[in-house]
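These notes concern the structure reproduced below.
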């Protein structure tokens, strides 16, 4: 029953998106090449949002922790890639693959040494403050090591290609493809692997999971690790078209929170669909609204969803 | 040789003693019924044994090993498994997935764990609901699921907390048969239950608890004749 409900939501959202874009083409009074360009840009921007949201939704959904360090961890991953590229001269995309396990280890360590001690029956508010502290610690460590001067990671595949007459940056296309791969990988892990099964069980009911032999703290560490690894991939894929400063991750975090709540806490497909939708809404909206006006559409949409479906598009009905 | 030994087991919440000095030896393959009025400490006893609550004092020895203070998942994986009076399935997951999590304790391979889980589900009579979302099951189905999850851990001791509560008599009978079968297969059972007919039909020994204390212990037929038990639990007019 749930699957058909999900099916309807995906179909509905898809229909709204397609109709919306069609309406812009027909009645928007804009040059059709310009519309195509904004749609392509929107899709690619959506890919970026998806990348940033995936780790957040996983940690949020399973541990119930709002990870305030998400942006700082994203910046950390970018600098990690920058460091590998600038010191060892390796391909940035190879550095992305290398940074994922490093970030996994970092996330695992943070959860098992710092936060697991604080997660008690009392609630999840104390780990939340730890993530805030962690965020300050990471940002300032990055500032200390790399300084505040903007850096950049050159992509070996810089340049652009034409898609239906629209111009698309190759690094952004790679990031989009990466977002879909990471989302797909997470879905497969959650659905098909024993660890994924245990993660979902812990998300549904931690006490019940421990009574069927699941080590809940280990699963917490695993989840934070997986979340950090997704952030690691995100940072690496964004680095070639982002100017690196220690606060580089912050610009994405607010929207990532919106996308995670919109898609449903803990839902990977929700983050995927929500991210792309928000990306499209923002760029297509910019055809009609000046400056930061499109954000008004995004947050308006967000409020609407909270009214109509507070559990988020893909959230479980609780 | 006792499989499970409780040595001076106590549990207090603040100043309130929910369990006071429980001493009990449970033999391998025994079926021990536990009765007592509400608040007698039956559920607390199961929670302490399952590792969810740490005892205030005393020791739990399982199969010669001191397991006092072990975490719930560790206790479950050595074979001391509890069920809940109020069922707590992983609602957003299918029945098969619910049980497969438990199967994965002993079995790493995914297809093998699924086969194992499917067998257990058939055994408790939920075969037709295998792929249903567990949140959609009716009460009787949830009780069976609760049992299936416990059985998939291949327990040596089952701690059953009112598995029959909330079921109508026609739903109880097959579960009672199932419990008898599980016991005959060599599982030791601690059976907390209010349905006296079931307690008397299944239990080899009967423990009566009252205000956290052991009030009586012995052959069920003798225990329910005991005047103190009748007063405390069954009512003076019984």
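Among the candidates B:76, B:113, single out the residue that is surrounded by 20 or more Cβ atoms within 10 Å (Cβ to Cβ) and under 16 Å from residue A:197 (Cα atoms).
Answer to the check: B:113.
Residues to consider are A:230, A:286; find the one that is touching a residue at least 24 places away in the same chain (Cβ under 8 Å) and buried (at least 22 other Cβ atoms within 10 Å of the Cβ).
A:230
Quick grid of which residues meet (1) in contact with a helix residue (DSSP H, G or I) (Cβ under 9 Å, 6 or more places away or on another chain); (2) over 22 Å from residue A:52 (Cβ atoms); (3) at pLDDT 90 or above:
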residue	(1), (2), (3)
A:107	yes, no, yes
A:110	yes, no, yes
A:114	yes, yes, no
A:145	yes, yes, yes
A:163	yes, yes, no
A:175	yes, no, yes
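Taking the condition surrounded by fewer than 24 Cβ atoms within 10 Å (Cβ to Cβ) and either in a helix (DSSP H, G or I) or within 18 Å of the chain's Cα centre (by Cα) (or both), does residue A:99 pass? Steps first, please.
Values: surrounded by fewer than 24 Cβ atoms within 10 Å (Cβ to Cβ): no; either in a helix (DSSP H, G or I) or within 18 Å of the chain's Cα centre (by Cα) (or both): yes.
No; evaluated as a whole, the condition is false for this residue.
From the list A:79, A:49, A:93, exactly one residue is farther than 17 Å from residue A:182 by Cα and in contact (Cβ under 8 Å) with a residue 40 or more places away in the chain. Which is it?
Just a single option satisfies the conditions, and that option is A:79.
Are any residues in segment A:160-185 in contact with a strand residue (DSSP E or B) (Cβ under 8 Å, 6 or more places away or on another chain) and either surrounded by fewer than 16 Cβ atoms within 10 Å (Cβ to Cβ) or under 26 Å from residue A:69 (Cα atoms) (or both), and if so, which ones?
Correct list: A:160, A:161, A:162, A:167.
Going by what's in this entry, would residue A:142 be described as within 14 Å of chain B (Cβ to nearest Cβ) and either farther than 30 Å from residue B:100 by Cβ or in a helix (DSSP H, G or I) (or both)?
Criteria not met by residue A:142.
Restricting attention to segment A:29-67, which residues are part of a helix (DSSP H, G or I) and out of contact with any helix residue (DSSP H, G or I) (no Cβ under 8 Å at 6 or more places or on another chain)?
Answer for segment A:29-67, where residues must be part of a helix (DSSP H, G or I) and out of contact with any helix residue (DSSP H, G or I) (no Cβ under 8 Å at 6 or more places or on another chain): A:33, A:34, A:36, A:37, A:40.
Looking at the structure I just gave you, is residue A:180 closer than 26 Å to residue A:116 by Cβ and in contact (Cβ under 8 Å) with a residue 24 or more places away in the chain?
So residue A:180 fails the test.
Does segment A:157-170 contain any residue that is under 23 Å from the mean Cα position of the chain (by Cα), closer than 15 Å to residue A:239 by Cβ, in a helix (DSSP H, G or I) and touching a residue at least 12 places away in the same chain (Cβ under 8 Å)?
yes
Which of the helices (runs of 4 or more DSSP H) contained wholly in segment B:27-140 include at least 2 residues that are in contact with a helix residue (DSSP H, G or I) (Cβ under 6 Å, 6 or more places away or on another chain) and within 14 Å of chain A (Cβ to nearest Cβ)?
Qualifying helices (runs of 4 or more DSSP H): B:72-77, B:95-103, B:110-123.
Determine whether residue B:160 is within 30 Å of residue B:21 (Cα to Cα) and within 14 Å of chain A (Cβ to nearest Cβ).
Values: within 30 Å of residue B:21 (Cα to Cα): yes; within 14 Å of chain A (Cβ to nearest Cβ): yes.
So residue B:160 fits the description; yes.
What helices (runs of 4 or more DSSP H) completely inside segment B:146-238 contain at least 2 residues that are in contact with a strand residue (DSSP E or B) (Cβ under 6 Å, 6 or more places away or on another chain) and at pLDDT 90 or above? Please lay out each step first, then the result.
On the way: elements: B:169-184, B:196-202, B:220-223.
Once the helices (runs of 4 or more DSSP H) in segment B:146-238 are filtered for at least 2 residues that are in contact with a strand residue (DSSP E or B) (Cβ under 6 Å, 6 or more places away or on another chain) and at pLDDT 90 or above, what remains is B:196-202.
Only one of these is within 30 Å of residue B:89 (Cα to Cα) and surrounded by fewer than 24 Cβ atoms within 10 Å (Cβ to Cβ): A:207, A:223, A:242. Name it.
Numbers: A:223 fails: surrounded by fewer than 24 Cβ atoms within 10 Å (Cβ to Cβ); A:242 fails: within 30 Å of residue B:89 (Cα to Cα).
Result: A:207 is the single residue among A:207, A:223, A:242 that is within 30 Å of residue B:89 (Cα to Cα) and surrounded by fewer than 24 Cβ atoms within 10 Å (Cβ to Cβ).
Hey, could you check segment A:186-195 for residues that are surrounded by fewer than 18 Cβ atoms within 10 Å (Cβ to Cβ) and either free of Cβ contacts under 8 Å to residues at least 24 places away in the same chain or within 17 Å of residue A:50 (Cα to Cα) (or both) and say which is farthest from the other protein chains (Cβ to nearest Cβ)?
Per the criteria, the residue is A:187.
Residues checked against (1) more than 14 Å from chain B (Cβ to nearest Cβ); (2) touching a helix residue (DSSP H, G or I) at 6+ places or on another chain (Cβ under 6 Å):
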{"position": "A:184", "(1), (2)": "yes, no"}
{"position": "A:202", "(1), (2)": "no, yes"}
{"position": "A:217", "(1), (2)": "no, no"}
{"position": "A:233", "(1), (2)": "yes, yes"}
{"position": "A:236", "(1), (2)": "yes, yes"}
{"position": "A:249", "(1), (2)": "yes, yes"}
{"position": "A:268", "(1), (2)": "no, yes"}
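Mind telling me which of the residues B:211, B:162, B:171, B:204 ends up being surrounded by 14 or more Cβ atoms within 10 Å (Cβ to Cβ) and more than 23 Å from residue B:45 (Cα to Cα)?
Every option except B:171 fails the conditions.
The values are calculated or read from the model by the stated rules, or taken from the named source; none is laboratory data. All of these numbers come straight from a predicted model, not from anything done at the bench. Neighbour counts run over all protein chains shown; Cβ positions are idealised from the backbone, glycine included.
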